[in-house]
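Everything on this sheet refers to the single structure shown next.
The values are calculated or read from the model by the stated rules, or taken from the named source; none is laboratory data. Please read all numbers here as calculations on a predicted model, not as lab measurements. Note that each Cβ is placed from the backbone with ideal geometry, even for glycine, and that neighbours are counted across all protein chains shown. Heavy atoms of the whole protein, side chains included, go into the accessibility calculation; ligands, DNA and RNA do not. Shrake-Rupley method; radii C 1.70, N 1.55, O 1.52, S 1.80 Å.
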Amino acid sequence: MESIRNFTSDMTAIFQKIVEKVGWRLIFGLTLSVGTLILFGWLADEVFEGDVALFDSAIRDGLQRIATPVITTIMIFFTYLGSVYGIVLLFVIALWVLSIFHQKSATALLSIPMSGEAILGIVLKLSFQRPRPEAFFGFEPPASYSFPSGHAFASLCFFGALAWIATTRM
């Protein structure tokens, strides 16, 4: 029993030293990254097995039932905002604004995840090669593969980096 107490107190001391050196934010970030990687691995496995087709159909049918011209216009706007053209435009504007205020570190904090997203997005799409489902509303789907979603991935990286930059300066 004494050896368990010693081990526990030793591990607690080691953990406290790690936290003092790297901080809670890094530990939280690493934990979140590992959790996200596990979640993505599970989702990728489901895509490979074809288990998401029923989910895709249910979402598409549900969206088609509630579609109105106003909702469609709003969704087209958000689709454009998350597209390559929309994200690149917002990225250039953000870099311009950051350069006006001489925010070199913020420019790097924004540029690094966007560069990683561009490379990783292409690699993952080529790795999974999941064809796109049939498009609704007469729109022509993009020529690229559908998984992972480039709109979602680029938006997460861009707006996540902007949120990080904004919150660290408040």
- Task: Report the full-extension gain for the segment Val92 to Ile76: residue separation times 0.36 nm, less the Cα-Cα distance, to one decimal in nm.
- Result: 3.6 nm
- Query: Of (1) 11.5; (2) 15.4; (3) 14.2, which is the value of mean projected area of the Cα convex hull in nm² derived from the coordinates here?
  - Reply: (2)
- Note on the structure: Here, GluC sites (Glu not before Pro) of the range 9-78 satisfying both criteria (DSSP loop; at most 13 other Cβ within 10 Å) are none
- Item | Portion, in percent, of the accessible area of the chain that falls on carbon or sulfur, probe 1.4 Å | 73 percent
- Debye, to nearest 20: dipole size of the range 5-62, +1 on Lys, Arg Cβ, -1 on Asp, Glu Cβ: 640 debye
- Item | Accessible area in square angstrom per residue, the chain, 1.4 angstrom probe | 75 Å²
